[in-house]
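K.L.:
Below you'll find the structure I mean.
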Amino acid sequence: MVADRVEICNMALALCGTRRITAMDNPSREARVCNDNYDICRRTLLRKHRWNFATKRTVLDTVSPTAPAFGFEYAFPLPDDCIRIYAVYSGTAILDEVMYRVEGKNLLSDSSQLWLKYIWDIQTTVEFDPLFDRYLAATLAETIHPQINGSAASLELIQRQLKDAKREAKFVDGVEDPPEEFDADVWIASRNNFNGGFVRDPMT
């Protein structure tokens with residue numbers, strides 16, 4: 001059975017050793033703290049890993065009218081639902097990270113058209129991976145535990161569950177995501193950017 005938002009919250013509350021809720025708008029402390037923390041936990045986990053179930057692709061062909069002051073030729077507004085960049089392509093080649101930058105809500109590049117693979121702000125639980133449900137529930141439990149149950153024993157249990165859920169979810173997701181080949185010509189071209197002129201520091 002696919003977990004919904006309430007069921008994920010109840011998984012977290014069970015780890016905390018407290019009562020369940022029947023709806024997110026219940027007039028209870030448990031529902032309130034779940035409401036306050038569910039989305040931030042969900043978005044945090046989405047940003048931490050390149051989840052297959054949360055991956056989207058799009059073409060960036062709308063250039064911002066305000067070009068970068070220096071360093072790159074073009075700025076592309078990122079999709080409103082973008083949580084994290086997965087990969088950037090120019091044609092069929094994957095760009096090295098020194099060939100683009102994310103600044104604010106824009107992606108900077110010298111290419112006039114880009115293809116973007118990214119993690120999006122997915123909210124529909126029916127589309128979540130079941131292992132992500134467990135990981136999210138354990139993360140939520142650790143977050144709300146101080147407001148629900150101050151027991152050191154229950155916190156220790158939650159942290160063990162969180163460690164196991166994180167490892168299992170990321171491992172299985174990684175197995176289902178074979179690495180894409182990196183274009184050798186693009187790699188060489190990106191390194192040539194360091195030969196004279198403006199040097200793009202890959203750490204900035």
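Any read-out appearing in this document is the output of simple, stated calculations on the displayed coordinates, not a laboratory observation. From a predicted model like this one, the values you see are computed outputs, not experimental measurements. In this analysis, Cβ positions are derived from the backbone assuming ideal geometry, glycine residues included, and neighbour counts consider all displayed protein chains.
K.L.:
What FRET efficiency comes out for residue 58 versus residue 175 if R0 is 41 angstrom and r is the Cβ-Cβ distance? Round to the nearest 0.05.
P.N.:
Values: r = 26 Å, r/R0 = 0.63.
For R0 = 41 Å, the calculated efficiency reads 0.95.
K.L.:
Now a separate question. Please list, in chain and number order, the residues 5+ apart from residue 107 or on another chain whose amide H is under 5 Å from its amide H, with Hs placed from the backbone.
P.N.:
76, 78
K.L.:
First obtain the Kirkwood hydrodynamic radius of the stretch 26-111 from its Cα pairs, then insert it into the Stokes-Einstein equation at 4 °C and 1.567 mPa s, and state the resulting D in µm² per second as a whole number. All intermediate terms of the calculation are to be shown ahead of the outcome.
P.N.:
Numbers: Rh = 15.3 Å.
Rounded to a whole number, D works out at 85 µm²/s.
K.L.:
About its Cα centre, how strong a charge dipole does the stretch 61-163 have in debye, to the nearest 20, once Lys and Arg get +1 and Asp and Glu get -1 at the Cβ?
P.N.:
Details: 7 positive and 14 negative charges, 67 e Å.
With only Lys, Arg, Asp and Glu charged at Cβ, the dipole is about 320 debye.
K.L.:
While we're looking at this one, here's another question. Specify the residue with the greatest mean-square fluctuation among 141, 23, 69, computed from a Gaussian network of the chain linking alpha-carbon atoms under 10 Å apart.
P.N.:
Sorting by GNM fluctuation, first place goes to 69.
K.L.:
A further question follows. Of the labelled options [x] 71, 39, 31; [y] 51, 36, 36; [z] 63, 35, 31, which one gives Cα extents along the principal axes in Å as computed for this structure?
P.N.:
Read-out taken from this structure: [z].
K.L.:
Name all residues of the stretch 8-36 having a backbone nitrogen under 15 Å from the label point set 7 Å from the Cα of residue 151 along its Cα→Cβ direction, giving them as ranges.
P.N.:
Residues 12-20 qualify, since their backbone N sits under 15 Å from the label point.
K.L.:
Where in the chain are the helices, taken as whole DSSP H runs, whose Cα atoms extend 15 angstrom or more along the long axis and whose Kyte-Doolittle mean reaches at least 0.0?
P.N.:
Values: long enough: 5-16 (17 Å, 1.28); 29-48 (28 Å, -1.14); 130-148 (26 Å, 0.24); 152-175 (35 Å, -0.36).
Counting only whole DSSP H runs, the qualifying helices are 5-16, 130-148.
K.L.:
By a straight-distance test (C-alpha under 25 Å), which lysines pair with residue 163 as possible cross-link partners, with residues fewer than eight away in the same chain excluded?
P.N.:
48
K.L.:
Shifting gears a bit: Residue 81 to residue 4: extension gain in nm, 0.36 nm per residue of separation minus the Cα-Cα distance?
P.N.:
25.6 nm
K.L.:
Quick one: net charge around residue 28, please, counting Lys, Arg +1 and Asp, Glu -1 for every other residue with C-beta under 13 Å from its C-beta.
P.N.:
On the way: positive: 19, 20, 29, 32; negative: 25, 30, 36.
Once positives and negatives cancel, what remains is +1.
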